[in-house]
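S.K.: Take a look at this one; I'll ask things after.
The values are calculated or read from the model by the stated rules, or taken from the named source; none is laboratory data. Quick caveat, the model's predicted, so the values are computed rather than measured. Cβ atoms come from the backbone with ideal geometry, glycine included; neighbour counts cover every protein chain shown.
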Amino acid sequence: MRYARVAAIEDAYMKAEIDKIVSPKDHMYNTGPDWYYSVGLDGIRAILRALALSSLNEVPRILDLPCGHGRVGRHLRAAFPRAEIAFADIDTDGADFCAAQFRGEAIYSQPDLSQVAIGDNYDLIWIGSLFTHVDQARAETWLRHLCRRLSPRGVLVATVHGNWSKEVQRKYGAMIGQDEWQEILKGYYTTGWGYARYPGPDDYGVSLCQASAVIAMAGRVEGVRVLGYNERGWAGNHDVLVIENRDRMEPF
């Protein structure tokens, strides 16, 4: 996307009024009201950086996954006021809230994302903190599934726990118990992708990824291009992977 077009989107967004209606069930707000809106703002900044790297012209169709209760979704609506936005989450209340409050479509996700009919032809897919909670096998399967949902030259922006997350676990509030964390570190140093489940029946947990492992994973997805990998690119915390639906083997 031309820099002038990206700048115009940013300028209009910064002048827009952000919807401040918050669901009482919004876990992200209830546990972090002091940085809730700034994290959403920085999600848009990560997206605009990705668009500036792309060959996309416009963004008429967007998928926000997992949408939660709209920490980033409210900013997506302000930045792309005329876009069709699908809000997807395993938390159906969150998907319904976002669709109603921010003018979009609710999609109910499932534990196996690859089995979910999430639609097609998305110009932008924002994946804020999904791969941060699964093992590498699922992340790669889901990444392939999502890349196939992109429009020609559509852009996927996904966040992961990178090297900085070791410091987060050590100093800023543990993401998971210490026994599980040691299991995560073992995988991180052995294969580049560590993962351990949260206690309980649900098969979700915390992952920790080396940048090289994430880029290698994206490189195994056929028919796309890796546009960038930005360490601590979302809110100074998560690393950000950017993929474009344009064949890396496309002839000159």
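S.K.: Hey, among the residues in segment 206-252 that are surrounded by fewer than 19 Cβ atoms within 10 Å (Cβ to Cβ) and of a type in the set (Asp, Glu), which one's farthest from residue 168 (Cα to Cα)?
M.R.: The extreme case among them is 250.
S.K.: Take the residues in segment 31-51 that are modelled with pLDDT of 95 or more and of a type in the set (Gly, Ala, Ser), then tell me which one is nearest to residue 130 (Cα to Cα).
M.R.: 43
S.K.: Among 71, 82, 77, which is the only one that is closer than 21 Å to residue 104 by Cβ, in contact with a strand residue (DSSP E or B) (Cβ under 7 Å, 6 or more places away or on another chain) and among the basic types (Lys, Arg)?
M.R.: 77
S.K.: Could you give every pair whose Cβ atoms fall below 6 Å, whose first residue belongs to segment 90-111 and is in contact (Cβ under 8 Å) with a residue 40 or more places away in the chain and closer than 18 Å to residue 127 by Cβ, and whose second residue is of a type in the set (Lys, Arg) and crowded, with 18+ Cβ neighbours inside 10 Å, counting only separations of at least 6 or pairs across chains?
M.R.: 102/74; 102/77
S.K.: Something else about it: On the given criteria, is residue 32 touching a Leu at 6+ places or on another chain (Cβ under 9 Å) and more than 20 Å from residue 145 (Cβ to Cβ)?
M.R.: No: the conditions fail for residue 32.
S.K.: Among the listed residues 103, 2, which satisfies the condition of being modelled with pLDDT of 95 or more and either surrounded by 17 or more Cβ atoms within 10 Å (Cβ to Cβ) or under 25 Å from residue 230 (Cβ atoms) (or both)?
M.R.: 2
S.K.: Let me ask something else. Please note which helices (runs of 4 or more DSSP H) are completely contained in segment 1-86 and include at least 2 residues that are among the small types (Gly, Ala, Ser).
M.R.: Fully inside segment 1-86 and qualifying: 3-15, 36-53, 73-79.
S.K.: Taking strands (runs of 3 or more DSSP E) that fall entirely within segment 139-219, which contain at least 3 residues that are under 28 Å from residue 248 (Cα atoms)?
M.R.: Answer list for segment 139-219: 150-160, 205-209.
S.K.: Please enumerate the residues belonging to segment 111-123 that are in a helix (DSSP H, G or I) and under 17 Å from the mean Cα position of the chain (by Cα).
M.R.: 113, 114
S.K.: While we're here: I want to confirm something. Restricting to segment 159-188 and keeping residues that are farther than 11 Å from residue 207 by Cβ and of a type in the set (Gly, Ala, Ser), which single residue is modelled with the lowest pLDDT?
M.R.: 173
S.K.: In segment 177-197, what residues are crowded, with 19+ Cβ neighbours inside 10 Å and hydrophobic (A, V, I, L, M, F, W, C)?
M.R.: 181, 184, 193, 196 - these are the residues of segment 177-197 that are crowded, with 19+ Cβ neighbours inside 10 Å and hydrophobic (A, V, I, L, M, F, W, C).
S.K.: Moving on to the next point. Within segment 136-175, which residues are farther than 26 Å from residue 76 by Cα, charged (D, E, K, R) and free of Cβ contacts under 8 Å to residues at least 40 places away in the same chain?
M.R.: Correct list: 138, 167, 170, 171.
S.K.: Oh, and also: Could you count how many residues in segment 69-86 are farther than 17 Å from residue 39 by Cβ and either crowded, with 20+ Cβ neighbours inside 10 Å or in contact (Cβ under 8 Å) with a residue 60 or more places away in the chain (or both)?
M.R.: Number of matching residues: 4.
S.K.: If we keep just the residues of segment 175-191 that are within 23 Å of the chain's Cα centre (by Cα) and hydroxyl-bearing (Ser, Thr, Tyr), which is farthest from residue 210 (Cα to Cα)?
M.R.: 191
S.K.: Could you say whether any residue in segment 124-132 is at pLDDT 95 or above, more than 14 Å from the chain's Cα centre (by Cα) and either polar (S, T, N, Q) or at positive phi (or both)?
M.R.: For segment 124-132, residues at pLDDT 95 or above, more than 14 Å from the chain's Cα centre (by Cα) and either polar (S, T, N, Q) or at positive phi (or both): absent.
S.K.: Something else: Sort through 162, 200 and tell me the only one that's among the small types (Gly, Ala, Ser) and surrounded by fewer than 18 Cβ atoms within 10 Å (Cβ to Cβ).
M.R.: Step by step, each of 162, 200 is checked, and only 200 is among the small types (Gly, Ala, Ser) and surrounded by fewer than 18 Cβ atoms within 10 Å (Cβ to Cβ).
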